[in-house]
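One structure is given below, encoded as structure tokens.
Please treat every number below as a calculation from the coordinates, not as lab data. Because the structure is predicted, anything quoted here is derived from the model rather than measured. Cβ placement follows ideal geometry from the backbone for every residue including glycine, while neighbour counts extend to all protein chains displayed.
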Amino acid sequence: MSHAWRGNVRELRNRVERAVNLANGPWLMPADIFPELRNAVIDEVDPILPLAAVRDAAEKRQIQRVLLETGGHLIEAAKRLDISRTTLWEKMRRHGIEHERAIE
């Protein structure tokens, strides 16, 4: 609604039909209707982060996932992650992962 449409109704209809056919999900997003703005929208929603930040976020998600799957059992989680129990503890501390429910 905030976009000033300079075209005619036929052009708008074509854009919407194209967006419906090419959309990746069940919802139409602004970038689906205005693909020329796609990069600007993606950069606004998902900015380019330093590789270290992305790696840390992925590591945290994986540790949380394995802890959930093992019911908080640290030794089993460390085995699945192919790291030592001590390393797992250090990574949990660094990422701020709670360990009260974790089982030795």
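What does the charge count around W5 come to, taking other residues whose C-beta lies under 13 Å from its C-beta (Lys +1, Arg +1, Asp -1, Glu -1)? The partial results should precede the final answer.
On the way: positive: R6, R10, R13, R15; negative: E11.
Local charge sum for W5: +3.
How far apart, in nm, are the 7 Å Cα→Cβ label points at T86 and R15?
6.1
Can you give me the Cα centroid spacing of region 51-101 and region 15-30 in angstrom?
38
Can you tell me the length gained on complete extension of the stretch V54 to A4, counting 0.36 nm per residue apart and subtracting the Cα distance?
On the way: separation 50, 0.36 × 50 = 18.00 nm, distance 3.61 nm.
That works out to 14.4 nm of additional length.
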